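Written below as structure tokens is the structure these notes are about.
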Amino acid sequence: MSDITATVRAYADRFKSAKTRERPLSAHLKALEAESIHIMREVAAEFANPVMLYSIGKDSAVMLHLALKAFYPSRLPFPLQHVDTTFKFREMITYRDALAEALGLEMRVEINQEAVDRGVNPWDSGSQLHTQLLKTEALRAAMNRYKYDAAFGGARRDEEKSRAKERIFSFRDGNHGWDPKNQRPELWRNYNTKIRQGESIRVFPLSNWTELDIWQYILEDDIPIVPLYYAAERPVVERDGQTIMVDDERLPLKAGEKPELKMVRFRTLGCYPLTGAILSNATTLEEIVLEMLTARTSERSGRLIDHDEAGSMEKKKREGYF
Amino acid sequence: MTVQTSRADVIARLTQSGQRGVLRFLTCGSVDDGKSTLIGRLLFDSKLLFEDQINVLEKDSRKHGTAGDEIDFALLLDGLEAEREQGITIDVAYRFFATEKRKFVVADTPGHEQYTRNMATGASTADVAVMMIDARKGVLVQTLRHTYIARMMGIRHIVLAVNKMDLVDHARGRFHEIVADYLKSADDLGFETITPIPMSARYGDNVTHRSESMSWHQGPTLLEHLEALDIDSDVQNEPFRMPVQWVNRPNLNFRGYSGTVVSGTVQPGDAIAVAQSGLTATVARIVTADGDLDKAVAGEAVTLVLDREIDISRGDVIAAAEARPEVTDQFAAEVLWMSGDDLLPGRSYLLKIGTATTPATVSSLKYRVDINTYEKKPSRKLEMNGIGQCNLSTARPIAFDPYHKIRDMGAFILIDRFTNQTVGAGMIEFGLRRASNIHHHAMDVSKSDRAQIKGQKPAILWFTGLSGAGKSTVANIVERKLAAAGHHTYSLDGDNVRHGLNRDLGFTDEDRVENIRRIGEVGKLFVDAGLLVTCSFISPFRSERRMVRELVEGDEFVEVFIDTPLEVCMQRDPKGLYKKAQAGEIKNFTGFDSPYEAPENPEIRVDTSQISAEEAADQVIAKLREMGRLG
Ligand SMILES: Nc1nc2c(ncn2[C@@H]2O[C@H](COP(=O)(O)OP(=O)(O)O)[C@@H](O)[C@H]2O)c(=O)[nH]1
């Protein structure tokens, strides 16, 4: 774990005094980067109480990186908000805390303690209820507690069909609900930021990035990510066609299940009982990207919550989940 | 055995397709022309689909598909459940794919007639428009409409995709007939390129691979064309502009201005000017988190540090000192209306251009464009999806360049001040007067001189409320008491205005707005003359009352809400109007079958069902005294 600390400290030093790049950024990444920075500055300038929703994953890593660049040499003009379901991989939490400390970030963590105390978990409660209570409800509670009027999220349009139509500035009513019929047309880079008291806007600065762009940017701009993205020997069990890591003793093993050490990595990070690993030998970024280029399974299929039913993401969005 | 892969190798492989940057295009056409299939094809053939997506696609094809047992590529695109069930796309969706030569972003916009606004939204960020035509149907009214919107939004390249060629036996003659027909109307609209391609999207013919059945087609396939098209824009060669987004002030030793360069280039040592204030300075540094730059070009997000401290804030435009943008508060623009509530000249909206936001009104609508025939037609309002030529005036001067020269300096949106919806989009064509001339001719006798002589501070006392609430009665007593105390007054009400100044106006929504606008302007002149002006008008719309409020200075507008309940007003019915409304003899009667938007924060509120008109008048005068208006 001292590895993580050293990595994020070195990373933080880059923002103390900027150094000129050795190799120019690829043309299309440069354009994507500029677009995202533009969006973030609009939000910082026009909203009273913005926040960045930070999920510790690679998309969040890129989003945070862009924000550090957007406001350089100033510090981030807004806090980060993490929703901790208490079932995240342990390494994610270690990473989160090390990063916040190294960069001097204001990291707010929200836990739905009541649901945790009641023993809500993915295997007894089912993935839907688990997500609803520990993620959606907790996020809603944080939004209400801090009265955020704008919240950055790391969603991309290439992730899923219903997201392809999502605006960059996505309007939410007083209950954080999303009404697909009531979204504002978005022209040029001229974003309408006007809202009434109690309403809020979700802002997606990575809308036009693809998964490959994210990896390429991490590679070209040397952005640290949670080591779980790299292949290593980890204890896993096979369950319903998914490879699940036994991250702690809470995961109840079914009859016949025996954790085995396998070389695996994760393409997406969330609650460990709900996140499938893939078998891989990719231990460097270069190898991950090469694997990506020949990948035949899309990113979200590693996420159990999306399999429930078609159009499920849209339903979740209406309820206030991203 | 492991293969050594260097970072440079991987990056080289990745960047192959990114080197030419990104081409953004949109597809337009009528329902069922094959847009979604075309895009699905491009995604499928560029191997961008993953196995699990293909499995879902096959499953969905069986359930919802319209292509029999074959894969229905269109299903890849329909995102939202409801529309999937209706079988139409109703919004703008963005898709991404890449070939070895280039990266692409596709805006998928619907062909449904009423969705002009979606297409304009997609077109606002696109380099190329692909016009889909069903070879059996040929050029339709919609084709012309979409072509007009593409031109209006400044798209320079058109692909005429004549689709479903398999259904017309791949006939060369039919293709040429359609192309000739299209060029008749599109040729002189000023597009840089128009490239016709015969294709069958369903089978991929001339989309990603050459068609054997159409070997007569000598030109490129769609993908070849999009890969090769040169879209370099001239905006790099225009003068430097950067609207300031955010003032970057980490500590007392650093002050920078963050923004995106929208045109031209900037280097340390360049002389710049702040467009609105005219203040000048020299660029000292161009700061980024990747080190200082020697030069920044259009599209880059940077932070400028200047050689001296001058007053700059968000909304200002930093520009090349030797070639500055125009600054004006009146200009002509093409406006596309996107709201169900009509655009009404005279009504106040918020206008956002670049990083500046200011109240604005459409001062006149010169004409509406019929985009099916390209004819200009006189009109007094714009409906949803209407396009019109307008003059606008803003509360504060704005810096701009014409839209066709520098897109980001001439593009604006209009925002409804009550709902906050984006209701219009506009492209500035030219300024109507320079802001430097608008400082009115300085008069020898000023407003404050006139007020001082009269020993009062002038104001508009705006009485609003339902018919029969008691507005005129109370206003009349207020004026009588003020006059008796030696104050100089005037009163405006329906009677002295409707018969003269506003004789030409009726009671439609547009006319009501114009009625109030004129009254506001007259009230403002009387305020300038030093008078206390009472105005009694139902004035049901918040936005019009706010418009009048903004015409005069801060505390010169006093809103008096005569808040008498509707039942009491109906019972009083002094002019018998409610009875007529109930009998259906009068339409659009406020409070009855037309809404009254009550003031949210009036300076004064009285309810004449609780107190007498005399008492109400006394309350108004007491409040005026408290506000210091009575000297
Ligand atoms: N605040 C917060 N946001 C989340 C959380 N989980 C997911 N999100 C949002 O959901 C989206 C998923 O992205 P992310 O999980 O970072 O990507 P990945 O881990 O690389 O797959 C992003 O928009 C996040 O902002 C969470 O626990 N807290």
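The values are calculated or read from the model by the stated rules, or taken from the named source; none is laboratory data. These figures come from a predicted structure and were not determined experimentally. Please note: Cβ atoms are built from the backbone with ideal geometry, for glycine as well, and neighbour counts cover all protein chains shown.
Applying the criterion of being away from the ligand (no atom under 16 Å from the Cβ) and closer than 24 Å to residue A:292 by Cα to the residues of segment A:245-262, the residue that is farthest from the other protein chains (Cβ to nearest Cβ) is A:261.
Of all residues in segment A:77-120, those satisfying the criterion of being within 28 Å of residue A:18 (Cβ to Cβ), among the hydrophobic types (A, V, I, L, M, F, W, C) and within 15 Å of the ligand (Cβ to nearest atom) are A:78, A:80, A:99, A:100, A:105, A:107. Does residue A:88 qualify as being away from every other protein chain (no Cβ under 14 Å) and basic (Lys, Arg)? The answer is yes for residue A:88. The single condition from (1) away from chain B (no Cβ under 14 Å); (2) in contact (Cβ under 8 Å) with a residue 12 or more places away in the chain; (3) closer than 26 Å to residue A:276 by Cα that residue A:97 fails is (2).
Pairs meeting the criteria (first residue in segment A:100-124 and on the phi > 0 side of the Ramachandran plot, second residue part of a helix (DSSP H, G or I), beta carbons under 9 Å, at least 6 apart or on different chains) are A:104/A:12; A:119/A:125. Among the numbered conditions (1) in a loop (DSSP other than H, G, I, E, B); (2) away from the ligand (no atom under 16 Å from the Cβ); (3) more than 14 Å from every other protein chain (Cβ to nearest Cβ), the only one that residue A:233 does not meet is (1).
Based on this model, can you work out whether residue B:217 counts as out of contact with any Leu (no Cβ under 8 Å at 6 or more places or on another chain) and assigned to a helix (DSSP H, G or I)? So residue B:217 does not fit the description; no. In the condition set (1) surrounded by fewer than 16 Cβ atoms within 10 Å (Cβ to Cβ); (2) farther than 20 Å from residue B:298 by Cα, residue A:81 is compliant with all but (1). Taking segment A:63-76 as the range and being more than 13 Å from the ligand (Cβ to nearest atom) and of a type in the set (Gly, Ala, Ser) as the test, the residues that pass are A:70, A:74.
All conditions in (1) surrounded by 19 or more Cβ atoms within 10 Å (Cβ to Cβ); (2) at pLDDT 95 or above; (3) within 14 Å of chain A (Cβ to nearest Cβ) hold for residue B:247, with the sole exception of (1).
Considering segment A:263-286, the residues that are more than 19 Å from the chain's Cα centre (by Cα), buried (at least 18 other Cβ atoms within 10 Å of the Cβ) and closer than 17 Å to residue A:224 by Cβ include one that is nearest to the other protein chains (Cβ to nearest Cβ), namely A:286.
Hey, any hits in segment A:176-183 for a residue that's within 13 Å of chain B (Cβ to nearest Cβ), outside any helix (DSSP H, G or I) and either within 15 Å of the ligand (Cβ to nearest atom) or of a type in the set (S, T, N, Q) (or both)? The answer is yes, given that some residue of segment A:176-183 is within 13 Å of chain B (Cβ to nearest Cβ), outside any helix (DSSP H, G or I) and either within 15 Å of the ligand (Cβ to nearest atom) or of a type in the set (S, T, N, Q) (or both).
Consider segment A:184-209. How many of its residues are crowded, with 18+ Cβ neighbours inside 10 Å, under 20 Å from residue B:418 (Cα atoms) and more than 7 Å from chain B (Cβ to nearest Cβ)? So the answer is 4.
Within segment B:33-45, identify whether any single residue is assigned to a strand (DSSP E or B) and either of a type in the set (Gly, Ala, Ser) or modelled with pLDDT of 80 or more (or both), and answer yes or no. No, segment B:33-45 contains no residue that is assigned to a strand (DSSP E or B) and either of a type in the set (Gly, Ala, Ser) or modelled with pLDDT of 80 or more (or both). For segment A:30-62, a residue qualifies if it is under 27 Å from residue B:285 (Cβ atoms), touching a residue at least 24 places away in the same chain (Cβ under 8 Å) and more than 16 Å from the ligand (Cβ to nearest atom), and the qualifying residues are A:32, A:33, A:35, A:37, A:38, A:41, A:42, A:44, A:46. Taken across segment B:377-399, residues that are aliphatic (A, V, I, L, M) and more than 27 Å from residue B:508 (Cα to Cα) do occur, with at least one present. If the requirement is being more than 8 Å from chain B (Cβ to nearest Cβ), under 21 Å from residue B:247 (Cβ atoms) and either aromatic (Phe, Trp, Tyr) or over 18 Å from the mean Cα position of the chain (by Cα) (or both), which of these qualifies: A:42, A:46? Testing whether each residue is more than 8 Å from chain B (Cβ to nearest Cβ), under 21 Å from residue B:247 (Cβ atoms) and either aromatic (Phe, Trp, Tyr) or over 18 Å from the mean Cα position of the chain (by Cα) (or both) leaves just A:46. Restricting the first member to segment A:265-276 and to residues that are of a type in the set (Ser, Thr, Tyr), and the second to residues that are near the ligand (Cβ under 7 Å from one of its atoms), the beta-carbon pairs closer than 7 Å and six or more apart or on different chains are A:268/A:57; A:268/A:299; A:275/A:268; A:275/A:269. Working carefully through the options A:151, A:155, A:141, find the one that is more than 29 Å from residue B:356 (Cα to Cα), more than 11 Å from chain B (Cβ to nearest Cβ) and within 12 Å of the ligand (Cβ to nearest atom). After applying the criteria, what remains is A:141. Return yes when residue B:612 is polar (S, T, N, Q) and surrounded by fewer than 16 Cβ atoms within 10 Å (Cβ to Cβ) and no when it is not. Yes. For segment A:1-21, check the following and say yes or no: at least one residue is facing chain B (nearest Cβ under 8 Å), surrounded by fewer than 22 Cβ atoms within 10 Å (Cβ to Cβ) and modelled with pLDDT of 95 or more. Within segment A:1-21 (the criterion being facing chain B (nearest Cβ under 8 Å), surrounded by fewer than 22 Cβ atoms within 10 Å (Cβ to Cβ) and modelled with pLDDT of 95 or more), the answer is no, since none of the residues qualifies. Applying the condition of being among the hydroxyl-bearing types (Ser, Thr, Tyr) and within 11 Å of another protein chain (Cβ to nearest Cβ) to segment B:350-373 and asking which residue is surrounded by the fewest Cβ atoms within 10 Å (Cβ to Cβ) yields B:357. Find the residue count for segment B:255-281, including only residues that are over 11 Å from residue B:319 (Cα atoms), more than 9 Å from chain A (Cβ to nearest Cβ) and of a type outside the set (Gly, Ala, Ser). The total comes to 4. Selection of segment B:526-549 for residues being assigned to a helix (DSSP H, G or I) and closer than 20 Å to residue B:465 by Cα yields B:542, B:543, B:544, B:545, B:546, B:547, B:548, B:549. When segment B:287-308 is filtered for residues that are of a type in the set (A, V, I, L, M, F, W, C) and in a loop (DSSP other than H, G, I, E, B), the ones remaining, listed by number, are B:289, B:293, B:298. Determine whether segment B:210-231 contains at least one residue that is within 30 Å of residue A:33 (Cβ to Cβ) and modelled with pLDDT under 90. Looking for residues that are within 30 Å of residue A:33 (Cβ to Cβ) and modelled with pLDDT under 90, one finds at least one in segment B:210-231, hence yes. Taken over segment A:194-230, the criterion of being away from the ligand (no atom under 13 Å from the Cβ), part of a loop (DSSP other than H, G, I, E, B) and of a type outside the set (A, V, I, L, M) is satisfied by A:194, A:196, A:197, A:198, A:199, A:208, A:221, A:222, A:224, A:230. Screening residue A:256 against (1) in a loop (DSSP other than H, G, I, E, B); (2) in contact with a helix residue (DSSP H, G or I) (Cβ under 8 Å, 6 or more places away or on another chain) leaves a single unmet condition, (2).
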